[in-house]
1. Restricting attention to the stretch 306-335, which residues are more than 20 Å from Ile259 (Cα to Cα), in a helix (DSSP H, G or I) and not aromatic (Phe, Trp, Tyr)?
2. Which one is surrounded by the fewest Cβ atoms within 10 Å (Cβ to Cβ), of the residues in the stretch 324-348 that are out of contact with any strand residue (DSSP E or B) (no Cβ under 7 Å at 6 or more places or on another chain) and modelled with pLDDT under 95?
3. So, in the stretch 190-204, of the ones that are of a type outside the set (Gly, Ala, Ser) and buried (at least 21 other Cβ atoms within 10 Å of the Cβ), which residue ends up nearest to Glu20 (Cα to Cα)?
4. What number goes with the only condition from (1) buried (at least 24 other Cβ atoms within 10 Å of the Cβ); (2) at positive phi that Ser262 does not pass?
5. Filter the stretch 170-229 down to the residues that are within 20 Å of the chain's Cα centre (by Cα) and of a type in the set (Phe, Trp, Tyr) and list them by number.
6. Condition check: assigned to a helix (DSSP H, G or I), in contact with a Pro (Cβ under 8 Å, 6 or more places away or on another chain), modelled with pLDDT of 90 or more and not β-branched (Val, Ile, Thr). Does Leu223 satisfy that?
7. Could you check, for the stretch 297-305, whether at least one of its residues is more than 17 Å from the chain's Cα centre (by Cα), assigned to a helix (DSSP H, G or I), of a type in the set (S, T, N, Q) and crowded, with 20+ Cβ neighbours inside 10 Å?
8. Looking at the stretch 266-286, is at least one residue part of a helix (DSSP H, G or I) and in contact with a His (Cβ under 6 Å, 6 or more places away or on another chain)?
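The values are calculated or read from the model by the stated rules, or taken from the named source; none is laboratory data. Computed from a predicted model, the values in this text were never measured in an experiment. With ideal geometry, Cβ positions are generated from the backbone for all residues, glycine too; neighbour counts draw on all protein chains shown.
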Amino acid sequence: MRLTMPTAILTLFAAPALAEPPQVVTDIPVTGSLVQQVMGDLGEVRVLIGEGSDPHHFQLRPSDARALQSADLLVWIGPELTPWLERTTANLGEGEALSLLHVPGTHLQEFGADHGDHDDAHEHEHADEHEHEHEEHAEDHAGHDHEHEDAGEDQGHDHDHAEDAQDEHGHDHDGIDPHAWLDPANAQLWLTSIAEALAARDPDNADAYASNAEAAIRRIDTLEQEINTRLEPVHDRSFVVFHDAYGYFTAHFGLQPGIAVSLGDASSPSAARLNEVSARIAESGAACAFPEYGHDPALIDSATEGSGIGVGAELDPAGRGLEAGAALYGELLQNMGNALADCLAKKD
């Protein structure tokens with residue numbers, strides 16, 4: 001599948017040095033965390049979709065529209081996650097936009113992809129000297145067409161390969177999985193692109209942005225090694241999740257793909273769906289089930305009833321329950337790794 005570069009993704013031309021660091025707006029707290037790490041003390045990032053908010057149903061407030069109008073730079077995941085935001089980028093004024101999913105070299109995978117095979121280009125070598133070179137995929141991500149609904153309409157970016165690519169509400173679940181931040185290699189690549197985008201708007205602070213990005217990349221290296229150590233003993237354990245949002249994480253860390261209870265995070269599974277999931281749980285010998293932040297844990301209970309498997313800590317793939325700021329991204333990865341390791345290890 002090929003991606004097209006949406007009209008909202010504008011080329012980042014160098015601009016004259018600003019009197020102050022750029023005013024930056026981001027879509028979700030994860031993006032805000034990455035940008036804040038690069039900006040450091042030079043500026044404060046504004047996040048449109050704050051703590052606890054749902055990116056699928058978010059409605060821009062007048063203050064958000066004004067922030068976009070005056071922003072020097074919008075950094076967002078892309079229309080695959082928030083299609084309603086693409087049309088608002090026309091209101092950026094003289095500002096520009098960077099879509100992280102469309103940064104060259106980003107590892108992308110589709111919903112329902114077989115996560116058991118791992119591309120060597122996205123494996124990290126944990127040697128004393130770690131090179132931060134991210135190979136581009138053989139696929140050219142520049143030619144795929146996306147049809148976007150009106151602002152505010154949930155398009156449901158979730159797919160489970162065991163069923164048709166439609167949930168109970170008819171939302172389309174084909175295409176690129178936008179949860180690409182759960183692959184730490186993507187985040188490291190994006191940090192460099194963010195530093196370059198900021199430097200193009202603020203050349204006087206280019207060295208600071210580059211230095212901050214490198215420091216953030218090293219922190220992710222350290223955290224990645226810690227998570228790998230914790231998860232290595234449970235690579236072969238099957239588990240249950242609320243919806244298909246964890247493929248990048250499981251693929252990167254060599255885990256079994258999660259068995260998704262719901263086709264999408266915006267829909268409730270039918271009785272037939274729950275029966276099918278129950279059968280898959282029994283067949284796989286799943287060790288644990290994990291509820292998800294912002295969703296009814298009773299659905300996990302229904303799918304696992306009578307199975308005898310353990311229930312782990314709540315997972316939060318978008319960091320919606322975490323305090324916004326530079327530390328959020330690292331906390332998100334660490335919490336997910338700990339939750340999985342703690343529960344899956346209990347099977348021993």
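1. Residues of the stretch 306-335 that are more than 20 Å from Ile259 (Cα to Cα), as a first pass: 319-332, 334.
Narrowing the set further to residues that are in a helix (DSSP H, G or I) leaves 328-332, 334.
Answer for the stretch 306-335, where residues must be more than 20 Å from Ile259 (Cα to Cα), in a helix (DSSP H, G or I) and not aromatic (Phe, Trp, Tyr): Leu328, Gly330, Glu331, Leu332, Gln334.
2. Asp348
3. First, pick out the residues of the stretch 190-204 that are of a type outside the set (Gly, Ala, Ser): 190-192, 194, 196, 198, 201-204.
Within this subset, residues satisfying the condition of being buried (at least 21 other Cβ atoms within 10 Å of the Cβ) are 190-191, 194, 198, 201-202.
Working: Trp190: 23, Leu191: 21, Ile194: 17, Leu198: 12, Arg201: 10, Asp202: 8 Å.
The extreme case among them is Asp202.
4. Of the numbered conditions (1) buried (at least 24 other Cβ atoms within 10 Å of the Cβ); (2) at positive phi, the odd one out for Ser262 is (2).
5. Answer for the stretch 170-229, where residues must be within 20 Å of the chain's Cα centre (by Cα) and of a type in the set (Phe, Trp, Tyr): Trp181, Trp190.
6. Numbers: assigned to a helix (DSSP H, G or I): yes; in contact with a Pro (Cβ under 8 Å, 6 or more places away or on another chain): yes; modelled with pLDDT of 90 or more: yes; not β-branched (Val, Ile, Thr): yes.
Considered against the rule, which asks whether it is assigned to a helix (DSSP H, G or I), in contact with a Pro (Cβ under 8 Å, 6 or more places away or on another chain), modelled with pLDDT of 90 or more and not β-branched (Val, Ile, Thr), Leu223 comes out as yes.
7. First, the residues of the stretch 297-305 that are more than 17 Å from the chain's Cα centre (by Cα): 297-305.
Next, only the ones that are assigned to a helix (DSSP H, G or I) stay: 297-304.
Narrowing the set further to residues that are of a type in the set (S, T, N, Q) leaves 302, 304.
With the extra rule that they be crowded, with 20+ Cβ neighbours inside 10 Å, the set shrinks to 304.
Within the stretch 297-305 (the criterion being more than 17 Å from the chain's Cα centre (by Cα), assigned to a helix (DSSP H, G or I), of a type in the set (S, T, N, Q) and crowded, with 20+ Cβ neighbours inside 10 Å), the answer is yes, since at least one residue qualifies.
8. As a first pass, look at the stretch 266-286 and keep what is part of a helix (DSSP H, G or I): 271-284.
Then drop every residue that is not in contact with a His (Cβ under 6 Å, 6 or more places away or on another chain), which leaves none.
No; the residues of the stretch 266-286 include none that is part of a helix (DSSP H, G or I) and in contact with a His (Cβ under 6 Å, 6 or more places away or on another chain).
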